[in-house]
Amino acid sequence: MDTLQAIILGIVQGLTEFLPVSSSGHLQLAKELLGVEIAENLTFDVTLHAATVLSTIVVLWSEIRRLICGLFSRRFNEEQAFVLKIIISMIPIGIVGLLLRDKIDMMLSSPYIMVIVGAMLLLTSALLAFAYYAKPRIKERISYRDALIIGIAQAVASMPGLSRSGSTIATGLLLGNKRSSVATFSFLMVLAPILGEMLLEIAGGEFSATGIDTAALAAGFVSAFAVGCLACKFMIEIVKRGKLIWFAAYCAVVGLTAILSYIF
């Protein structure tokens with residue numbers, strides 16, 4: 001993989017991490033189209049995810065700072081409750097990461113990856129369409145129960161092609177939560193799991209650039225971060241306006257294309 005290919009993959013990751021179209025699925029499709037073969041798939045993917053985590057922190061810094069300040073209050077407040085809900089939402093993905101991490105990495109190298117990605121994109125499309133047309137009763141705040149259910153949706157979205165943001169946002173909307181609250185919660189809840197993933201790789205000695213040029217890895221990180229900042233701001237506005245149906249149509253087309261490309 002050369003530097004230009006890494007930049008392209010970084011752009012794909014930065015765009016699709018926040019848009020409900022599956023960053024992992026598009027990353028695999030982009031690799032197939034570019035003819036990229038990477039010995040350490042997971043290392044490269046996690047590096048790009050780390051870049052988008054950094055972009056999330058930059059875009060949502062005012063919200064993150066408010067939560068941090070609220071944690072130091074002696075009385076239990078809304079900020080502490082929100083952080084507790086974030087922690088609850090991380091439990092399912094933590095379990096999946098510990099028990100199924102190796103199997104997910106093996107799946108990324110499967111000869112049937114295009115079919116898997118295509119099928120999961122179709123599922124993402126169905127979720128987004130259902131959330132768009134459903135009219136649940138709107139609640140004021142995300143409950144602890146909702147946080148756990150949204151967390152389960154995030155864990156299921158470990159499947160390549162099933163959008164994490166699409167799954168968590170659609171689930172939150174179907175549970176009757178406000179669009180703006182769901183968008184912010186969705187983007188904040190992924191911070192710790194991805195950072196934890198990187199720490200596990202570093203601690204286990206698995207984080208290496210074997211088969212990947214260091215300059216290419218850095219270029220991919222920078223492009224994913226820059227594009228991620230723009231995409232995060234854009235997606236928050238899109239969710240507020242409730243225009244998810246267009247992404248449902250897009251996922252359906254790309255999913256079918258991915259499956260047909262494997263068959264033919």
>> at pLDDT 85 or above and surrounded by fewer than 18 Cβ atoms within 10 Å (Cβ to Cβ): is that true of Phe72 in this structure?
In response: yes
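For the range 242-259, name all the residues that are in contact (Cβ under 8 Å) with a residue 40 or more places away in the chain and either closer than 20 Å to Lys31 by Cβ or surrounded by fewer than 20 Cβ atoms within 10 Å (Cβ to Cβ) (or both). Break it down stepwise before answering.
Looking only at the range 242-259, we keep the residues that are in contact (Cβ under 8 Å) with a residue 40 or more places away in the chain, and these are 242, 244-245, 247-252, 254-259.
Gly242, Ile245, Ala249, Tyr250, Cys251, Ala252, Val254, Gly255, Leu256, Thr257, Ala258, Ile259, listed by residue number.
For the structure I just gave you, tell me whether Ser110 is under 19 Å from Pro160 (Cβ atoms) and assigned to a loop (DSSP other than H, G, I, E, B).
Values: under 19 Å from Pro160 (Cβ atoms): yes; assigned to a loop (DSSP other than H, G, I, E, B): yes.
Against the criterion (under 19 Å from Pro160 (Cβ atoms) and assigned to a loop (DSSP other than H, G, I, E, B)), Ser110 qualifies.
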> For the subset of the range 126-155 comprising residues that are touching a residue at least 40 places away in the same chain (Cβ under 8 Å) and of a type in the set (Val, Ile, Thr), which member is surrounded by the fewest Cβ atoms within 10 Å (Cβ to Cβ)?
Replying inline: Ile138
>> of a type outside the set (Phe, Trp, Tyr) and at pLDDT 90 or above: is that true of Ser167 in this structure?
In response: yes
>> I'd like to check something: does the range 216-237 contain any residue that is within 30 Å of Ile138 (Cα to Cα), at pLDDT below 90, among the β-branched types (Val, Ile, Thr) and surrounded by fewer than 20 Cβ atoms within 10 Å (Cβ to Cβ)?
In response: yes
>> Pairs please, first residue from the range 183-206 and more than 19 Å from Ser165 (Cβ to Cβ), second anywhere and modelled with pLDDT of 65 or more and among the aliphatic types (A, V, I, L, M), Cβ atoms under 7 Å, 6+ apart in sequence or on different chains.
In response: Met198/Val46; Met198/Ala50; Glu201/Val46
> Looking at the range 12-47, which of its residues are at pLDDT 85 or above, buried (at least 19 other Cβ atoms within 10 Å of the Cβ) and more than 22 Å from Ala153 (Cβ to Cβ)?
Replying inline: Val12, Gly14
> If you go through the range 8-24 one residue at a time, do you hit one that is touching a residue at least 40 places away in the same chain (Cβ under 8 Å) and farther than 30 Å from Leu260 by Cβ?
Replying inline: no
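The values are calculated or read from the model by the stated rules, or taken from the named source; none is laboratory data. Quick caveat, the model's predicted, so the values are computed rather than measured. Don't worry about glycine lacking a Cβ; one is built from the backbone with ideal geometry, like all the others, and counts go over all protein chains shown.
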